[in-house]
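The values are calculated or read from the model by the stated rules, or taken from the named source; none is laboratory data. Since this is a predicted model, take the numbers as computed values, not measurements. Every residue, glycine as well, gets a Cβ built from its backbone with ideal geometry; the counts of neighbours run over all protein chains shown.
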Ligand code: HEM
């Protein structure tokens, strides 16, 4: 396996780890938390956090390496890949900011509500919305990644 292919493989594995984790939490653990109690979601999210942020670091680092393999800048711009890449980069920034808000603001808010026996509903609602936004942006970013590869 060549170096660039190995890095692209790691890029895609990182995407699977990050987005797969969000998908599972949003569509399996989230609905279960609203029915049978939020403790399991809070615990699962706490355990998922290092995996998620390792995957995000891997995706971003390998992504920057991938950029260096696209070819001469003039050719990248002429093929349209430069514009796709700029759009992708902005959306990835937004995804990382939303994920940080979820993991470092809303999850602690949920843990505090559970510890104080308050209503976890507002924190669960915010987490559900943040997950939906990350998944929506991920769908667009995956499309842009494939389009960049083929430009
Ligand atoms: C700063 C962050 C990122 C950068 C700079 C980046 C950059 C790139 C580049 C340059 C390619 C083309 C590689 C090639 O054709 O050799 C690529 C492919 C791809 N990227 Fe990213 N990426 C980033 C984050 C992401 C994220 C967050 C996702 C998904 C949510 C993603 C999904 C993909 C996919 C699916 C491919 C296509 C692989 C293929 O066609 O073989 N990337 N990325």
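Being surrounded by fewer than 16 Cβ atoms within 10 Å (Cβ to Cβ) and within 23 Å of residue 105 (Cα to Cα), is that true of even one residue in region 2-17? No, every residue in region 2-17 fails to be surrounded by fewer than 16 Cβ atoms within 10 Å (Cβ to Cβ) and within 23 Å of residue 105 (Cα to Cα). Could you please let me know if residue 46 is modelled with pLDDT of 90 or more and farther than 30 Å from residue 150 by Cα? It is true that residue 46 is modelled with pLDDT of 90 or more and farther than 30 Å from residue 150 by Cα. The sole residue among 68, 52 that is farther than 16 Å from residue 146 by Cα and either touching a residue at least 24 places away in the same chain (Cβ under 8 Å) or near the ligand (Cβ under 8 Å from one of its atoms) (or both) is 52.
Listed here are the residues, each with its yes/no results for (1) touching a residue at least 24 places away in the same chain (Cβ under 8 Å); (2) touching a helix residue (DSSP H, G or I) at 6+ places or on another chain (Cβ under 9 Å); (3) within 20 Å of residue 135 (Cβ to Cβ); (4) within 12 Å of the ligand (Cβ to nearest atom).
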site: 18; (1), (2), (3), (4): yes, yes, yes, yes
site: 22; (1), (2), (3), (4): yes, yes, yes, yes
site: 29; (1), (2), (3), (4): no, yes, yes, no
site: 40; (1), (2), (3), (4): no, yes, no, no
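Looking only at helices (runs of 4 or more DSSP H) that lie completely in region 72-151, which have at least 2 residues being within 14 Å of the ligand (Cβ to nearest atom)?
The helices (runs of 4 or more DSSP H) meeting that bar are 73-78, 81-101, 121-150.
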